[in-house]
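The values are calculated or read from the model by the stated rules, or taken from the named source; none is laboratory data. Note that the structure is predicted; figures quoted are calculated from it, not measured. All Cβ positions, glycine included, derive from the backbone under ideal geometry; neighbour counts span all protein chains shown. These area figures cover heavy atoms from the full protein model, side chains too; ligands, DNA and RNA do not enter into them. Shrake-Rupley method; radii C 1.70, N 1.55, O 1.52, S 1.80 Å.
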Amino acid sequence: MDNPLKILPLIWRARRPSRITDMPTLRNNFWMRGAYAGLTFFGNIIASNDEGVKAFDRKGSRMKNHEMIHLRQAQSTHDSWLLFYLLYGWYYLRALPLNRKMKNAAYWLNPFEMEAYAHEHDMNYLKQGKATEWRHYAKMKPGERLQRFGPK
């Protein structure tokens with residue numbers, strides 16, 4: 001799935017986050033460039049190559065757990081992919097000026113990513129709750145998140 005337009009049906013046929021129990025992993029090296037292994041996209045995981053697809057599909061994979069936390073976060077944003085992505089973009093843009101102080105700060109200090117990275121190794125995390133810890137981080141200003149969680 002290297003054609004950039006093949007991603008449009010994923011948006012059109014997307015189901016509400018609450019109706020998804022597992023996300024399939026698809027390969028698309030057009031959209032997945034750079035250092036990121038994968039991303040959650042309207043109920044699918046997008047990986048850049050076949051090795052990435054295998055890594056996400058492996059049972060007990062921390063990478064799959066990370067993306068499943070994003071699914072649960074989307075469920076906690078009024079069960080809406082659109083609201084999840086709007087909030088994600090908002091938090092990203094608010095932290096963008098901090099990229100001068102910390103490399104990729106806008107990504108690392110995004111409340112959704114902070115929760116997902118904090119719990120990606122805990123395979124029982126999603127069984128214990130709703131993945132709403134991101135709201136705690138979102139209440140902090142980006143500079144405060146940098147002070148508390150940035151490099152020491």
Open item on the list: For ALA55, only one of the following conditions fails: (1) under 26 Å from ASN124 (Cβ atoms); (2) aliphatic (A, V, I, L, M); (3) surrounded by fewer than 20 Cβ atoms within 10 Å (Cβ to Cβ); (4) touching a residue at least 24 places away in the same chain (Cβ under 8 Å). What is its number?
Closed with: (4)
- [ ] Identify, from the list ALA118, ALA14, the residue that is among the small types (Gly, Ala, Ser), part of a loop (DSSP other than H, G, I, E, B) and open to solvent by 30 Å² or more (accessible area, probe 1.4 Å).
- [x] ALA14
Open item on the list: For segment 17-32: of the residues being in contact with a strand residue (DSSP E or B) (Cβ under 6 Å, 6 or more places away or on another chain) and open to solvent by less than 60 Å² (accessible area, probe 1.4 Å), which is modelled with the lowest pLDDT?
Closed with: MET32
Task: Residue within segment 64-78 that is among the small types (Gly, Ala, Ser), surrounded by 16 or more Cβ atoms within 10 Å (Cβ to Cβ), more than 23 Å from ALA118 (Cβ to Cβ) and modelled with pLDDT of 85 or more present - done: no
Open item on the list: Among the residues of segment 92-105, what is the count of those that are farther than 14 Å from TYR117 by Cβ and either open to solvent by less than 10 Å² (accessible area, probe 1.4 Å) or assigned to a helix (DSSP H, G or I) (or both)?
Closed with: 9
- [ ] Output the qualifying pairs, or none if there are none: Cβ atoms under 8 angstrom, residues six or more apart or on different chains, first residue in segment 104-128 and closer than 16 Å to ARG62 by Cα, second residue crowded, with 20+ Cβ neighbours inside 10 Å and β-branched (Val, Ile, Thr).
- [x] GLU115/ILE69; ALA116/ILE69; HIS119/ILE69; GLU120/ILE69; TYR125/ILE69; LEU126/ILE69
TODO: From (1) outside any loop (DSSP other than H, G, I, E, B); (2) closer than 24 Å to LEU146 by Cα, pick out the condition that doesn't hold for ALA35.
DONE: (1)
Open item on the list: Of everything in segment 33-47, what is closer than 22 Å to TRP12 by Cα and open to solvent by 30 Å² or more (accessible area, probe 1.4 Å)? Give them in sequence order.
Closed with: LEU39, PHE41, PHE42
- [ ] Run TYR85 past the list (1) under 18 Å from GLU113 (Cβ atoms); (2) touching a residue at least 12 places away in the same chain (Cβ under 8 Å); (3) in a helix (DSSP H, G or I); (4) open to solvent by 10 Å² or more (accessible area, probe 1.4 Å) and report the number of the one that doesn't hold.
- [x] (2)
Open item on the list: I want to confirm something. Restricting to segment 121-141 and keeping residues that are in a helix (DSSP H, G or I) and closer than 19 Å to THR21 by Cβ, which single residue is modelled with the lowest pLDDT?
Closed with: GLN128
Task: Among (1) in contact (Cβ under 8 Å) with a residue 60 or more places away in the chain; (2) over 18 Å from GLY89 (Cα atoms), the one test that GLN73 misses - done: (2)
